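Novice: Handing you this structure, nothing more for now.
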Amino acid sequence: MNPAIAPSSKVPADTGRYIDTYPQNQHTYPYPTPQNTLDTKTLLETNTKIQQQLKDFEQQQLNDGKALETVDSRIRILKQATQQCNLYEPEQVKAWLRTTQWQNSTRTRFIDAYDNLTDFLKIQWKPPSYTKITKIPFIPTEQELDTLIDASAKIISTVLQTLKETAIRIGELCFLKWKDLDTQQKTLNITPEKGSNPRKLPISDKLIGMINTLPKRQDNNIFNPSKHSLRENFCNQRINIAKKLNNQRLINISFHTFRHWRATIEYHNTKDIMHVKQMLGHKSVTSTEIYITLESATYLKTADNFTCKIAHNEKEEADLIEAGFEHINNRNNLAFYRKRK
């Protein structure tokens, strides 16, 4: 019997406050690789046993009703840890975790996964506690988003255009099936994740056209249902595009950046936080209030950051509104519009 295995009993958490200086968004997916703390021989010997137990753990998590994406995320981060430390030795795990270059949010995800694994293995441990550092999300310009969309391959380009227009999460995009696309009403029916609300969101003729050119899948999904595969594909393309265009700001754009951008723009255009809450599917408006701060910071700009247009008649006004321009005022029978560059 492994001496590290004992009846499960949770004890008060250690306090392990560690400020992470690893540059945000500059790691490869899924996580930056920490420094190896074990020799190759020891790792191989440990891995043989733990890999089988991870399979058993994965099956139990699924049998317990855990979401597939949740289980997949836990297994992936645990498998990466097996290359760095012995998961049968909790103190060694904590020592390794403290020295990684992971952000505290990633450490917290690992602790959640390992906590579930130790329950399964009946191993006693003291979960460390790391304070999550809240940062203001990066908000790119619309031109940068469009540049990334236009330069990406067809499937990823369609993924990004969908995220830009709807502000849905990448997991919600992976749920989309062809029956969710209503070409008559020009809407997408969104199946929520993370306890959000279901919703029906408007989309453009452009996006409908892009979706309709995608190859049909046998599972009736519009996109690949694997977030991991889509994200890995996107990250590779994003790096190449940023190098080609010599714009390193593009590296900071993730799938979730499109959600932040759209919500910020929507609040700026409407000043209606409840409307933004409904669009995002939030259960509580508290989760939405960050976009009030983001909007104030993003639009603290000079006029040079806007393209200005004048509408002389109703048709020109309609064209500008469809193009995303914001009405400013009227003067001498002319309507003045602007759009952020």
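Novice: Quick check: is even one residue across the range 55-65 of a type in the set (A, V, I, L, M, F, W, C), over 30 Å from Ser196 (Cβ atoms) and outside the structural domain of Gln248 (by TED's automatic domain parsing)?
Specialist: Checked the range 55-65: no residue is of a type in the set (A, V, I, L, M, F, W, C), over 30 Å from Ser196 (Cβ atoms) and outside the structural domain of Gln248 (by TED's automatic domain parsing).
Novice: Here's a follow-up. Select, from Lys66, Lys126, Lys135, the only residue that is among the charged types (D, E, K, R), under 30 Å from Gly324 (Cα atoms) and assigned to a loop (DSSP other than H, G, I, E, B).
Specialist: Every option except Lys135 fails the conditions.
Novice: Now a separate question. Is it the case that the range 96-116 has a residue that's under 16 Å from the mean Cα position of the chain (by Cα) and in a loop (DSSP other than H, G, I, E, B)?
Specialist: Yes, the conditions are met somewhere in the range 96-116.
Novice: Here is a follow-up. It is to be established whether one or more residues within the range 285-294 are closer than 23 Å to Asp182 by Cα, surrounded by 13 or more Cβ atoms within 10 Å (Cβ to Cβ) and modelled with pLDDT under 95.
Specialist: From the range 285-294, those closer than 23 Å to Asp182 by Cα are none; that's our starting set.
Within the range 285-294, not a single residue is closer than 23 Å to Asp182 by Cα, surrounded by 13 or more Cβ atoms within 10 Å (Cβ to Cβ) and modelled with pLDDT under 95.
Novice: Next question, about the same structure. Take Lys186 and decide whether it is exposed (fewer than 15 other Cβ atoms within 10 Å of the Cβ), basic (Lys, Arg), touching a residue at least 24 places away in the same chain (Cβ under 8 Å) and out of contact with any helix residue (DSSP H, G or I) (no Cβ under 6 Å at 6 or more places or on another chain).
Specialist: No: the conditions fail for Lys186.
Novice: Just the residues that are crowded, with 18+ Cβ neighbours inside 10 Å and acidic (Asp, Glu), please, taken from the range 147-183.
Specialist: Correct list: Glu172 only.
Novice: To continue, here is another question. Any residue in the range 200-217 that is under 25 Å from Gly281 (Cβ atoms) sitting within a Cβ distance under 7 Å of a residue that is among the hydrophobic types (A, V, I, L, M, F, W, C) and assigned to a loop (DSSP other than H, G, I, E, B)? List the pairs, counting only those 6 or more apart or interchain.
Specialist: Between residues of the range 200-217 that are under 25 Å from Gly281 (Cβ atoms) and residues that are among the hydrophobic types (A, V, I, L, M, F, W, C) and assigned to a loop (DSSP other than H, G, I, E, B), the close pairs are Ile211/Ile222; Leu214/Ile222.
Novice: Checking Ile310 against (1) out of contact with any Phe, Trp or Tyr (no Cβ under 7 Å at 6 or more places or on another chain); (2) outside the structural domain of Ser157 (by TED's automatic domain parsing), only one condition comes out false. Which one?
Specialist: Condition (1) is where Ile310 drops out.
Novice: Pairs, please: C-beta under 7 Å, at least 6 apart or cross-chain, first residue more than 18 Å from Ile239 (Cβ to Cβ) and in the same structural domain as His228 (by TED's automatic domain parsing) and in the range 251-277, second small (Gly, Ala, Ser) and surrounded by 18 or more Cβ atoms within 10 Å (Cβ to Cβ)?
Specialist: Pairs that qualify, where the first residue is more than 18 Å from Ile239 (Cβ to Cβ) and in the same structural domain as His228 (by TED's automatic domain parsing) and the partner is small (Gly, Ala, Ser) and surrounded by 18 or more Cβ atoms within 10 Å (Cβ to Cβ), are Arg259/Ala167; Arg262/Ala167; Ala263/Ala167; Val276/Ala263.
Novice: Still on this structure, please answer the following. Can you tell me which residues in the range 59-68 are surrounded by fewer than 17 Cβ atoms within 10 Å (Cβ to Cβ) and either touching a residue at least 40 places away in the same chain (Cβ under 8 Å) or among the aliphatic types (A, V, I, L, M) (or both)?
Specialist: Gln60, Leu62, Ala67, Leu68
The values are calculated or read from the model by the stated rules, or taken from the named source; none is laboratory data. All of these numbers come straight from a predicted model, not from anything done at the bench. Glycine gets a Cβ as well: all are built from the backbone with ideal geometry, and neighbour counts include every protein chain shown.
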